[in-house]
Structures are given as structure tokens and as C-alpha cells.
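Enquirer: Right, I'll just put the structure down here and ask away after.
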Amino acid sequence: MMQILGLDHLVLRVADMARMVRFYTEVLGCDVERRIEQIGLVQLRAGQSLIDLLPREAAGASGTPFISGAANEEQGPAAAAHRNLDHFCLRVEPFDQGALIAHLIKHGIVPGETRTRYGADGYGPSIYITDPEGNAVELKGPPG
């Protein structure tokens, strides 16, 4: 039997690589772990996980470009543009609500309401934000 240990990585298709790298490094504090220039991939370290940024036009794991393919065409342009990503959650610590909100606002990010939500570690405080390309990102603190 296998056991899930946590988020390993996720891949975001991006239109403006430089803007997205700045957002994830400067606003959220990720580090660039490696780049694969041949395909335009930038891998960012987010704690024990990775966030991979890949140009929208680059070939995916299947070898086909993101914006082509029957599955994307059947779901329409909105589904193709976001590839069914609703949101992803990054566990953050410490979760100092005031300092976190001030940091986000300083970077021009308008945070959502802080609420207690359930996640991998149980219930804890969280805030939703949106990255520069419209992906919803949940920032979640420790269980309380």
C-alpha cells in the first residue's frame, strides 16, 4: 500500500515567466531550484515541494502543447487556459495574520478573508490570494 506524504510538485502553465518567477520568489519567498532552458522550465522550491513553471506553448508530459489536444478543445477555452486547476495550498509558518496581510498588500496583492479551513494538518487559519495569472493560492497556517 502506498502512503501520500505531501505535495511533491505542481505544474503551472504561464504566459509571463518573468512576472510569475518574481511573484513566487519575491512575494511568497520560494527559491529557484533549477532551470531547464531547452523547454523553458523553472522549478521553484516551496518547502518540501516544488512549483514548476512551464511556458504555455511548451510540450507537456504527453509531448503535446498545452493549448492543443482533444481534451482541452472539448472543454472550451476557459478550461484550456486554466487546465482545471482550482487552487493549490501552501502550508506556511509562522502564520502571523497581520504581518502576512501587510506583506501581501506591500506587494500589491489583495488577500481574501482569513478563515479557519481544513487541510492536510487539520483545521487552521488560511488566506486565499491570486497570482498574476489568475491561479488561486491558499496560504495555510498550522492547526490551532
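The values are calculated or read from the model by the stated rules, or taken from the named source; none is laboratory data. Keep in mind it's a predicted model, so treat the numbers as computed, not measured. Positions of Cβ are generated from backbone atoms using ideal geometry, with glycine treated the same way; all protein chains shown enter the neighbour counts.
Enquirer: Please go through segment 20-61 and give me each residue that is exposed (fewer than 13 other Cβ atoms within 10 Å of the Cβ) and not aliphatic (A, V, I, L, M), ordered by number.
Expert: Glu26, Asp31, Arg34, Glu37, Gln38, Gln48, Glu57
Enquirer: Based on what the data block shows, is Phe88 under 21 Å from Leu12 (Cα atoms), modelled with pLDDT under 85 and surrounded by 15 or more Cβ atoms within 10 Å (Cβ to Cβ)?
Expert: Values: under 21 Å from Leu12 (Cα atoms): yes; modelled with pLDDT under 85: no; surrounded by 15 or more Cβ atoms within 10 Å (Cβ to Cβ): yes.
In short, no.
Enquirer: Just to be sure I understand, how many residues within segment 1-19 are outside any loop (DSSP other than H, G, I, E, B) and either surrounded by fewer than 16 Cβ atoms within 10 Å (Cβ to Cβ) or more than 10 Å from the chain's Cα centre (by Cα) (or both)?
Expert: Narrowing segment 1-19 to residues outside any loop (DSSP other than H, G, I, E, B): 9-14, 17-19.
Still in the running and either surrounded by fewer than 16 Cβ atoms within 10 Å (Cβ to Cβ) or more than 10 Å from the chain's Cα centre (by Cα) (or both): 9-10, 13-14, 17-19.
Number satisfying all stated conditions: 7.
Enquirer: Quick test for you: out of Ile67, Ile39, pick the one residue that is in a loop (DSSP other than H, G, I, E, B), modelled with pLDDT of 55 or more and β-branched (Val, Ile, Thr). Before the answer, list the steps.
Expert: Details: Ile67 fails: modelled with pLDDT of 55 or more.
Only one candidate qualifies: Ile39.
Enquirer: If I filter segment 26-50 down to residues being in contact with an Asp or Glu (Cβ under 7 Å, 6 or more places away or on another chain) and not aliphatic (A, V, I, L, M), which single residue comes out as farthest from Lys140 (Cα to Cα)?
Expert: Restricting attention to segment 26-50, the residues satisfying the condition of being in contact with an Asp or Glu (Cβ under 7 Å, 6 or more places away or on another chain) are 41, 43-45, 49-50.
Checking the rest, the ones that are also not aliphatic (A, V, I, L, M) come to 43, 45, 49.
Details: Gln43: 21, Arg45: 17, Ser49: 15 Å.
Taking the candidates together, the pick is Gln43.
Enquirer: So, one more: Out of (1) of a type in the set (Ser, Thr, Tyr); (2) at pLDDT below 95; (3) under 17 Å from Gly134 (Cα atoms), the odd one out for Tyr24 is which?
Expert: The failed condition is (2).
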